[in-house]
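Written below as structure tokens is the structure these notes are about.
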Amino acid sequence: MSNYHIKHLEEYWQVYRKSLRNPEVFWEEIAEEHFLWRKRWDTVLDWDFSKPEVKWYEGAELNITENCIDRHLTTRADKTAILFEPNDPTAIAEHITYRQLHERVCKFANVLKDQGVQKGDRVCIYLPMIPELAISVLACARIGAIHSVVFAGFSATALATRINDCDCKIVLTSDGSYRGNKTIDLKGIVDEALTSCPGIEKVLVAKRTNTDISMKSGRDQWLQPLLDAASKECEATIMKAEDPLFILYTSGSTGKPKGMVHTTGGYMIYTAYTFKNIFQYRENDVYWCTADIGWITGHSYIVYGPLANGATTVLFEGVPSYPDFGRFWEIVQKHKITQFYTAPTAIRALAKENLDFVEKYDLSSLKVLGTVGEPINEEAWHWYNENIGKRKSPIVDTWWQTETGGIMIAPIPFATPTIPTYATLPLPGIQPTLMNEQGEELKNNQQEGRLCIKFPWPSMARTIWGNHERYRETYFSTYKNMYFTGDGAFRDAVGYYRITGRVDDVIIVSGHNLGTAPIEDAINEHPAVAESAIVGYPHDIKGNALYGYITLKETGESRDQDNLRKEINQLITERIGPIAKLNKIQFTNGLPKTRSGKIMRRILRKIAEKDTSNLGDISTLLNPEVVKGIIENTF
Ligand code: WT7
């Protein structure tokens, strides 16, 4: 029996039970299936969550790009690997075959080597969704350099923090980027960031927008002439299974962003296995994930998972609203997309628009629809099911995290019956559980608790770059011998999981993970601000939006509050990026605090949600009187 392609529910349970009985045999059989290993592993798994230490396929050697590219050259050389759909709908889509991808990745890898990049060096990639982004990711992997992709919507300050945290020596970027009808000056952002990044020796610049930019001599070079001069052969550097493949930053509830470190062998196996099963990918399918490669979804399910399966994966540069709200559906029709994977926030935004934007297009090629990033509400689920899937394409609501590397809880289409708002069942090999606040495991169904994972899986992050203790503390110290996800979940009578949202100070806005602390730090830099607290509140399109409660150093009717709001959001945009801007800002006379001085975000959250009937006992607060004032002035 092949573990690879689950086709009905009975088979799911068989495979799932097998993965519990003997996880090592289970993951060994999958690793033996199609992959190209240069050397076989000695042990499948070695782990200890108390350290924590997790090693998969130890002793094995491989290069992930040989699995994502070279391996397909015998049977799929002329098949499209990457289908690039530009921002401009009238521009011609580019089909990059596996053969061409091989050549372009090798050339890029040779350029990196010529620039002095060596195995283990960190390479910062700050590029828009153009082919060079996927190609440069693979080029790093080709030579064993560790890529650190920074989403090209992050600000100069956020970029600099990420460059410095892992000591990158080179930045790959472009002159500019297109986003709908806007052109963004990416190189300008890089130049600004680099004023505080002494470790950067080189910047390679792809030409995209032909924007007039400045090039710093000795540091900056145009990419294309270097590529043109490079050899199209580049032998893959052989890596150990546990060598780092990439770093990807995610927000934490406190402090600076966490550089999650993913390694090579286990990550490849898990993303390949889940891609094939969750999307039921077949040889001639055209798969499209609308995420940006700057997020984990793009790493695992635009680049590595699809290419490891020899799939055709679409890379879309644009936005869902340009030139109009029909863009996604126009692309589905044009490229006969079979699997479509997007975020609930995009669905909600499109569901608000006229249905003509959908009905104009032929969506009959679609077979499987996916969502990721946040809980999908029932209304959006039904809209997606009826209008896009025409009630015949199952919706896979996929729960996972930057830290998990791959999808953890999701239905297998055509096998697992779906229920709106439920991510349903764990993937084979995944052992979720629920814990209560007292640290007890909730063994029965029909309960809500904190979602933990009891057993390692191949694509889990191994550490936080440069701070293993923070990794231990964040994920492995709350509950003994468990990985704590930070999410709450409900498990129903049949064992289906429904994710209820974060239980820490992380807020998911439009599918983006935002920590409250860095936003508050940015606000507190404003000279007029004394202190601030950020909470999330429900929002029609974004899922959650940010509500800021801010106390000023001096109160006075004369202050121009609207102007102050603008300045505060400007600061946030500079320090983090526009995604972290506050939707509502309320100036308050104080923030509710415990007697030990801790801000009671729970109370502020309830007020922002307009649920003030049950604030709990506020009499024990240091300053109960401020609560009344806050409620009276709430939006
Ligand atoms: C957090 C992780 C994994 C790729 C994108 C986000 C939330 C993610 C779902 C879902 C409910 C979800 C969780 C999780 N989340 N997918 N299907 N249903 N919530 O990655 O930025 O690391 O965020 O996103 O809260 O912890 P991320």
Just order 574-583, 100-109 by mean Cβ neighbour count inside 10 Å, highest at the front, would you?
100-109, 574-583
With a ≥ b ≥ c the root eigenvalues of the C-alpha gyration tensor of region 247-362, is it rounded (a/c under 1.5), prolate (a/b larger than b/c) or oblate?
oblate
For region 254-332 and region 438-481, what is the centre-to-centre distance using only Cα atoms, to the nearest Å?
25
So what does Lys232 come to for accessible area, using a 1.4 Å probe and Å² rounded to 10?
110
Which helices, taking whole DSSP H runs in the chain, have alpha carbons extending 15 angstrom or more along the helix axis plus mean Kyte-Doolittle at least -1.0?
98-114, 131-143, 265-278
When the charge dipole of the chain is computed with +1 at the Cβ of Lys and Arg and -1 at the Cβ of Asp and Glu, the Cα pointing farthest to the positive end, of Ile347, Asn563, Gln447, is that of Gln447
Would you calculate, for the chain, the mean residue ellipticity at 222 nm contributed by helices, counting each DSSP H stretch of 4 or more residues as -39,500 (n - 2.57) and dividing by all residues, to the nearest 500?
-8000 deg cm²/dmol
Mind giving me the FRET efficiency for Val319 and Asn614? R0 is 45 Å, r the Cβ-Cβ distance, nearest 0.05 is fine.
0.65
Sequence neighbours fewer than 8 away in the same chain don't count; with that in mind, list the lysines whose C-alpha is under 25 Å from Lys542.
Lys182, Lys256, Lys258, Lys352, Lys390, Lys566, Lys581, Lys584, Lys606, Lys610
Could you compute the FRET efficiency for Lys39 and Asp228, with r as their C-beta to C-beta distance and R0 at 22 Å, rounded to 0.05?
0.05
So for R0 = 56 Å, FRET eff. of Thr195-Lys480 from the Cβ-Cβ r, to 0.05, ends up at 0.75
Mean projected area in nm² (Cα convex hull; one quarter of hull surface) for region 109-175
4.2
Ranked highest first by the average count of other Cβ atoms within 10 Å around their residues, in what order do 210-223, 445-458 fall?
445-458, 210-223
The chain - charge dipole about Cα centre, Lys and Arg +1 at Cβ, Asp and Glu -1, debye rounded to 20:
380
In debye to the nearest 20, the charge dipole size for region 484-635, taken about the Cα centre with +1 at each Lys and Arg Cβ and -1 at each Asp and Glu Cβ, equals 340
Taking the C-alpha atoms of the chain, convex hull volume expressed per residue in Å³:
160
Karplus ³J(HN,Hα) for region 230-247 (6.51 cos²θ - 1.76 cosθ + 1.60, θ = phi - 60°; Hz, whole; x = Gly/Pro) runs 7, 6, 8, 10, 8, 5, 6, 6, 7, 10, 7, 3, 8, 5, x, 9, 7, 10
Keeping the other protein chains in place, figure out the carbon and sulfur percent of the accessible area of region 443-485, with a 1.4 Å probe.
42
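The values are calculated or read from the model by the stated rules, or taken from the named source; none is laboratory data. Not measured: the values here are computed from a predicted model. Counting neighbours? That spans all protein chains shown, and the Cβs are built from the backbone with ideal geometry, glycine included. Areas reflect the complete protein model, heavy atoms only, side chains present, ligands, DNA and RNA absent. Shrake-Rupley method; radii C 1.70, N 1.55, O 1.52, S 1.80 Å.
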